[in-house]
Amino acid sequence: MERTILVPTDLHVGSLSTLKACLAENVNGKVRVILMHTMHAPEGISDLLFYSPRKAMNMRMGPAFKEAVAVLKNRFEQSLSRLEILPFHGITQTAFDEFVKGHGVQEIHVTPAYEMRLTDRAMDPLPFVHKASVNVVEHGGAMVRISDMQPSMDHLQLLFER
């Protein structure tokens, strides 16, 4: 039976350690994963006219993040049915609950020890997550932070050696 889970992300490699922990613990069949990045919507009318969520997300994701996602897809291919990276633009709990309901999310996975690195128009999703209408699963353990990296260690090595 396929489950749909949501993992909030700041589009940095460190936030993927929550996904890695979730997939490593998964023994109950296939999982559809939604990596959700919370950000403010464009404000101006001309910005909205030419706004593309897919382009906005691609511009925010760095090559290290894209590579780490590809490696996770490869490594957990047997557990993953689908992995999507979606923006959330809402500013209310109701909007978040509708996003969760609309995508059929059954669980939200977070690691409380990880501090989201929010940039320009990004928002912290945790206030929404903790009031969500679905189960929230918290993963413990040491979190991956770029500042923890040794000079000779790359971002993928840091993610997978913990």
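Here the chain carries DSSP beta bridges of which approximately 5% are antiparallel, counting only pairs with both residues inside. State the number of lysine pairs found in the chain whose Cα atoms come within less than 16 Å, restricting to pairs 8 or more positions apart or on distinct chains. So the count works out to 6. Compared with the direct C-alpha span, the chain from VAL136 to TYR51 gains 27.5 nm at full extension, assuming 0.36 nm per residue.
Note on VAL33, VAL129: ascending count of other Cβ atoms within 10 Å places them as VAL129, VAL33, the fewest first.
Residue exposure proxy: ARG54, ARG75, ordered by other Cβ atoms within 10 angstrom of their Cβ from fewest to most, comes out as ARG54, ARG75.
One entry in (i) 15.6, 47; (ii) 18.4, 56; (iii) 25.1, 87 is Rg and Dmax of the Cα atoms in Å calculated from the shown coordinates; its label is (i).
Here the chain is treated with +1 on each Lys and Arg Cβ and -1 on each Asp and Glu Cβ, and its dipole about the Cα centre works out to around 360 debye. Less than 13 Å Cβ to Cβ from SER81, Lys/Arg counted +1 and Asp/Glu -1: what total charge do the surrounding residues give? Here the count lands on +2. Note: relative contact order over the chain, using C-alpha pairs below 8 Å and six or more positions apart, is 34 percent. Restricting attention to the stretch 53-108, which GluC sites (Glu not before Pro) occupy a DSSP loop and are surrounded by at most 12 other Cβ atoms within 10 Å? Those satisfying the criteria are GLU77. Dipole check for the stretch 38-81: with +1 at the C-beta of Lys and Arg, -1 at the C-beta of Asp and Glu, and the Cα centre as origin, the magnitude is about 160 Debye. For the stretch 1-94, the set of chymotrypsin sites (Phe, Trp or Tyr not before Pro) satisfying both a DSSP loop assignment and a count of at most 14 other C-beta atoms within 10 Å is given as PHE50, TYR51. To the nearest 0.05, how large is the calculated FRET efficiency for VAL71 and GLN106 if R₀ is 25 Å and r is the Cβ-Cβ distance? Rounded to the nearest 0.05, the efficiency is 0.50. Rounded to the nearest 500, the helix-only mean residue ellipticity at 222 nm of the chain stands at -9500 deg cm²/dmol, with each DSSP H run of n ≥ 4 adding -39,500 (n - 2.57). Counting beta carbons within 10 Å around each of LEU48, LEU118, LEU6 and listing the fewest first gives the order LEU48, LEU118, LEU6. Comparing GLN106, LEU72, CYS22 along the charge dipole axis of the stretch 1-140, the residue lying farthest to the positive side is LEU72, per the Cβ-charge model.
Measuring between their Cα centroids, the stretch 4-50 and the stretch 105-130 lie 9 Å from each other.
Each value in this text was obtained by applying a stated rule to the coordinates, not by laboratory testing. The structure displayed is predicted, hence computed values, not measured ones. No Cβ is skipped: glycine too gets one built from the backbone with ideal geometry, and neighbour counts run over all protein chains shown.
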